[in-house]
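Trainee: This is the structure, below, for whatever I ask next.
The values are calculated or read from the model by the stated rules, or taken from the named source; none is laboratory data. Just so we're clear, the structure is a prediction, and the values are computed from it rather than from any experiment. Cβ: placed from backbone, ideal geometry, glycine included. Neighbour counts: every protein chain shown. Accessible surface is based on the protein model in full, side chains and every heavy atom, while ligands, DNA and RNA are left aside. Shrake-Rupley method; radii C 1.70, N 1.55, O 1.52, S 1.80 Å.
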Amino acid sequence: MSVLQSSSPNGLSKKLRFSPQRVVLRALLLGASLLVVPGDLIAQVDGQAVYDQWCAGCHGEDGAGAGPAANTMLPRPRDFTLALYQVRTTSSGELPTDADILKVINEGMPGTAMPGWEEVLTEAERLALVDYLKTFSRFFQGDPPTPLDFGRATSGGEDAIARGEEVYQSVECWRCHGQEGRGDGESAPTLNDDTGFPIFAADLTENWRFNGGGEVEEIYRVLRTGLDGTPMATFSDIVDAGVITNEDLWSLAHYVRSLSPEEEPSVEEVVTAQLLTDTPLPQTVEDVVWEEAERFYVPLSGQIVVQPRWFNPRVDAVWVQAVHDGQELALLVSWGDPSESPDTLWTDFGGQVVTTMGSDDEGAATGSGTADQLVVQFPQQLSEGQERPYFLQGDTRNPTYTWTWQSDIAGAFESIARGMGTAARQPDSEQHVRATAQHADGQWKVLFVRPLDTGSAEDLALTAGQAVPMAFQAWDGDNGESGSQGAVSTWYFLVLGQPTPVAVYVAPPVALALTLLFGLLVVRQAQVGSGMWREPDATARAKRAAKRKQLAGMGVGVIWLGMAFGSYQNSRAGWEAGHADLGFWWAIIGGLLAIAGLGALIGTWIHTRTSK
């Protein structure tokens, strides 16, 4: 059975999502409407006009899902004439409520080309759009549907997740989603939606791409209602038949949620390679070092700039981990892929994808079954100001240095590229990068290892502490991808961690000791000025006390400010070396010392001025 339906994004959704002028104008109108939109205001909004402007390009003027942009999308845009909706709070086969339709308009459909419109259209426009969408089907002419009562979520925890895993096995969710939930089950290559188009089983390890939402309550709702129009059936029937209980269904929802990270991964601009000092550099993808190394999420999208283009990439993101030992860099890249291409079990499915996404671009793919591929690219030379080559493997003026791995050959190889399709492999004598790969449970893991400095003028030398631009490209051969038809990322930065300076560890106790010493000095001077410390001559004592107080106060302030500067230098060194905790605490110490130093200077100035 299939649990959740998902797909890869395409570049067109980016175009539809953003329109700054429209956002500003509509935001003003929305603000004026406050929290309640009067019925007469909704009546003044022409739902058809809103649809024609924002929706017809994908769904078609007649609502049949065949707009001008539809052939660049998989899944295809919704055919509103069928009145078949996936995200609902109603039983399987029933119509959605107005609130259900509005939810999809507001939030979009993650994993598809459908964006959310809540920040683009006013509430009145979105409500008018709900009414207009229902005019495409006569089925909406009857009484409004009644939503189901889903009750409250059961408590989660290890017991619920363990029971959910048992249910996952017993009702055979793995047949579509695979044992680890990555959409690589034995039935996955055979799936089609109700209109005959190929459809991917959802990757359950990416809940932020679930249709209808990825939290426990939303997953449970999908299990109860199914996703009409897809192979995902409702589980309500087997609950009613007593095969599993309603509590079991909640446990299954908890288990599915547990397969994804606690939070949707954030996108960081910098990938940090930790410096290993007491641990050997990993040489395999399963090395224990990777269990502790930080993971960085890098999203990819279809290459739609250079022809032939590709709007349906199977690889929507990669996870990147990096470590080095001062001599070599180890870079581990992993991503979800249900097959080890070329895989004959996926030949027919890939052929359907290519036919469905048929492109008029010259040189476009006509079939599937090529090798999976990954390219990591860097500038051939670093330039001042961090200028980067064109992200599609550079150009003649600014080429890129690339590492290429393919599933049908052993290892990896280095090349110099001056644009898509121009990569020239370096001679065997100049090959320095090594690679090992593993495909298991619907996931590729590829490990690259290369000396930081190969000694070759053609290769980029990697220096600790220096930000090196880095980008990725990936191809799924069984999805019909090859050549320029694949997935690409933008530029990120790779920074190799540096040894933490000894001062970062030694200076804190020294700073505290000096702070205590100067604090005692200030107290002593205060005691002298107050008469607690007596000298024979009262006049001389007063003059010397005033002078000492002034010098001591100014001296302590200057020294504390100097220590604050040193603390900030240590903080910077900590951050650059990848020790965020040291960087943070040194910044705090520096701030406190700066406040103390300024307080000493200002206080001394005020005190001596008052005395005069």
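For (1) in contact with a helix residue (DSSP H, G or I) (Cβ under 8 Å, 6 or more places away or on another chain); (2) without any contact (Cβ under 8 Å) to a residue 60 or more places away in the chain, each residue gets a yes or a no:
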{"position": "E340", "(1), (2)": "no, no"}
{"position": "Q352", "(1), (2)": "no, no"}
{"position": "M357", "(1), (2)": "yes, no"}
{"position": "D360", "(1), (2)": "no, yes"}
{"position": "A364", "(1), (2)": "no, no"}
{"position": "P379", "(1), (2)": "no, no"}
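Trainee: I need the full set of residues from region 390-408 which are touching a residue at least 40 places away in the same chain (Cβ under 8 Å), closer than 25 Å to S339 by Cα and not in a loop (DSSP other than H, G, I, E, B), in order please.
Mentor: Those that are touching a residue at least 40 places away in the same chain (Cβ under 8 Å), closer than 25 Å to S339 by Cα and not in a loop (DSSP other than H, G, I, E, B): W403, W405.
Trainee: Also, I was wondering about something else. I need the full set of residues from region 184-212 which are outside any loop (DSSP other than H, G, I, E, B) and either crowded, with 20+ Cβ neighbours inside 10 Å or without any contact (Cβ under 8 Å) to a residue 24 or more places away in the chain (or both), in order please.
Mentor: A188, P189, P198, F200, A201, N207, R209, listed by residue number.
Trainee: Has region 151-163 got any residue that is closer than 28 Å to N312 by Cβ, of a type in the set (S, T, Y) and open to solvent by 10 Å² or more (accessible area, probe 1.4 Å)?
Mentor: no
Trainee: Moving on to the next point. Quick one: how many residues across region 53-75 are open to solvent by 30 Å² or more (accessible area, probe 1.4 Å), more than 18 Å from S359 (Cβ to Cβ) and in a loop (DSSP other than H, G, I, E, B)?
Mentor: Within region 53-75, residues that are open to solvent by 30 Å² or more (accessible area, probe 1.4 Å), more than 18 Å from S359 (Cβ to Cβ) and in a loop (DSSP other than H, G, I, E, B) number 3.
Trainee: Let me ask something else about it. Just to be sure I understand, how many residues within region 326-348 are open to solvent by less than 60 Å² (accessible area, probe 1.4 Å) and either under 18 Å from H439 (Cα atoms) or modelled with pLDDT of 95 or more (or both)?
Mentor: So the answer is 15.
Trainee: On the given criteria, is T190 of a type in the set (V, I, T) and farther than 21 Å from D478 by Cα?
Mentor: Answer is no for this residue.
Trainee: Let me ask something additional. Criterion first (farther than 26 Å from A330 by Cβ and assigned by TED's automatic domain parsing to the domain that holds A437) does Q303 satisfy it?
Mentor: yes
Trainee: Of the residues that sit in region 556-612 and are at pLDDT 70 or above and among the hydroxyl-bearing types (S, T, Y), which one is nearest to D325 (Cα to Cα)?
Mentor: S571
Trainee: Which one of these is out of contact with any helix residue (DSSP H, G or I) (no Cβ under 8 Å at 6 or more places or on another chain), among the basic types (K, R) and in the same structural domain as M357 (by TED's automatic domain parsing): R309, R314?
Mentor: It is R309.
Trainee: State whether the residues of region 162-172 include one that is part of a loop (DSSP other than H, G, I, E, B), at pLDDT 95 or above and within 32 Å of the chain's Cα centre (by Cα).
Mentor: Yes.
Trainee: Test of understanding: among T97, T135, T90, which residue is among the hydroxyl-bearing types (S, T, Y), touching a Lys or Arg at 6+ places or on another chain (Cβ under 8 Å) and modelled with pLDDT of 95 or more?
Mentor: T97
Trainee: Right, something else. Going by the structure shown, is Q44 in contact with a helix residue (DSSP H, G or I) (Cβ under 9 Å, 6 or more places away or on another chain), surrounded by fewer than 18 Cβ atoms within 10 Å (Cβ to Cβ) and not assigned by TED's automatic domain parsing to the domain that holds A364?
Mentor: Spelling it out, Q44 is indeed in contact with a helix residue (DSSP H, G or I) (Cβ under 9 Å, 6 or more places away or on another chain), surrounded by fewer than 18 Cβ atoms within 10 Å (Cβ to Cβ) and not assigned by TED's automatic domain parsing to the domain that holds A364.
Trainee: Looking for whichever is touching an Asp or Glu at 6+ places or on another chain (Cβ under 9 Å), β-branched (V, I, T) and surrounded by fewer than 16 Cβ atoms within 10 Å (Cβ to Cβ) here; the options are T279, T272, T284, T245. Which one fits?
Mentor: Just one listed residue meets the conditions, T279.
Trainee: Another one. Could you list, in sequence order, all residues of region 42-73 that are without any contact (Cβ under 8 Å) to a residue 12 or more places away in the chain, within 17 Å of I105 (Cβ to Cβ) and aliphatic (A, V, I, L, M)?
Mentor: A49, A56
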